[in-house]
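K.L.:
For reference, the structure I am asking about is given below.
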Amino acid sequence: MGLGGRAAPRHFTRSRSDQPGGAHAGAPLTSVSVAGVGRTFDSSSVRLIAITDSLRDGPRGLALRAAAAVFGGATMIQLRLKEESARTLVEIARTIQAMIPDVPLIVNDRADVALAAGAAGVHVGVDDLAPALLRRVMPPGFVIGASVGNDDEVARSAGADYVGIGPVYMT
């Protein structure tokens, strides 16, 4: 159950190999296996990505805000705390995942942190490694998102599972 007694949205399903009928039976073409967790991420379930803002009320407070965002309709969470250490990011990612385990978590800029925390994937900006390069070294099913702010950046997003278009505000 989600917050307030509502049923939590389901964004992960069993992996293709766990489904009756074998690896390909009835599995949507848009799903990918999430690295290390034996679940399948259904990209068609993503409607709204909530991006975290700060640790003003600590890691648990941030996780509670992420859970509230899911309650309000977010279908994916992006952990974006640019000033925090890798260790802190892993701890926060694990706290968020414990609170909302059925919602994919993406880590901003840090594929290493995403892998260490068992997150669904990473979101990279124009100053990070290109999605096509990341794709070559990430495990199968690792979700990669990319920021696209203008027409020149579209080609650089090749290899991404999704793109975030913007920015609305400079960061």
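K.L.:
Which whole-number percentage describes the relative contact order of segment 130-171, with Cα contacts under 8 Å and a sequence gap of 6 or more?
P.N.:
Normalised by residue count, the contact order of segment 130-171 is 43 percent.
K.L.:
Could you please put Met76, Met99 in sequence from largest to smallest accessible area, using a 1.4 Å probe?
P.N.:
From most exposed to least exposed: Met99, Met76.
K.L.:
Peptides 111-122, 49-60: what's the order by average Cβ count within 10 Å, highest mean first?
P.N.:
111-122, 49-60
K.L.:
Leaving out ligands and nucleic acids, and using a 1.4 Å probe, what accessible area per residue does segment 68-149 come to in Å²?
P.N.:
Normalised by residue count, the accessible surface of segment 68-149 is 41 Å².
K.L.:
OK, next. Return the distance in nm (one decimal) between the two label points of a simple spin-label model at Val163 and Glu91, each offset 7 Å from Cα along Cα→Cβ.
P.N.:
3.8 nm
K.L.:
Report the relative contact order of segment 84-144, percent, no decimals, based on alpha-carbon pairs under 8 angstrom and at least 6 residues apart.
P.N.:
Once normalised by length, the contact order is 27 percent.
K.L.:
I would also like to ask the following. Please report the net charge: other residues with Cβ closer than 14 Å to the Cβ of Glu153, K and R +1, D and E -1.
P.N.:
Here the count lands on -3.
K.L.:
Would you please give the residues with an amide H less than 5 Å from that of Ile51, counting only those at least 5 places away or on a separate chain, with H modeled from the backbone geometry?
P.N.:
Under 5 Å from the amide H of Ile51: Gln78.
K.L.:
Let me ask something else. Note down the nm distance, to one decimal, between modelled labels 7 Å out along Cα→Cβ at Ala132 and at Asp53.
P.N.:
The modelled label-to-label distance comes out at 3.7 nm.
K.L.:
Of all the accessible heavy-atom surface of segment 35-171, with the other protein chains kept in place and a 1.4 Å probe, what percent is carbon and sulfur?
P.N.:
For segment 35-171, the apolar C and S fraction of the accessible surface comes to 56 percent.
The values are calculated or read from the model by the stated rules, or taken from the named source; none is laboratory data. Being a predicted model, the structure only gives us computed values, none of them experimental. In this analysis, Cβ positions are derived from the backbone assuming ideal geometry, glycine residues included, and neighbour counts consider all displayed protein chains. The protein model used for the area step is the full one, side chains on, heavy atoms only, and it has no ligands, DNA or RNA in it. Shrake-Rupley method; radii C 1.70, N 1.55, O 1.52, S 1.80 Å.
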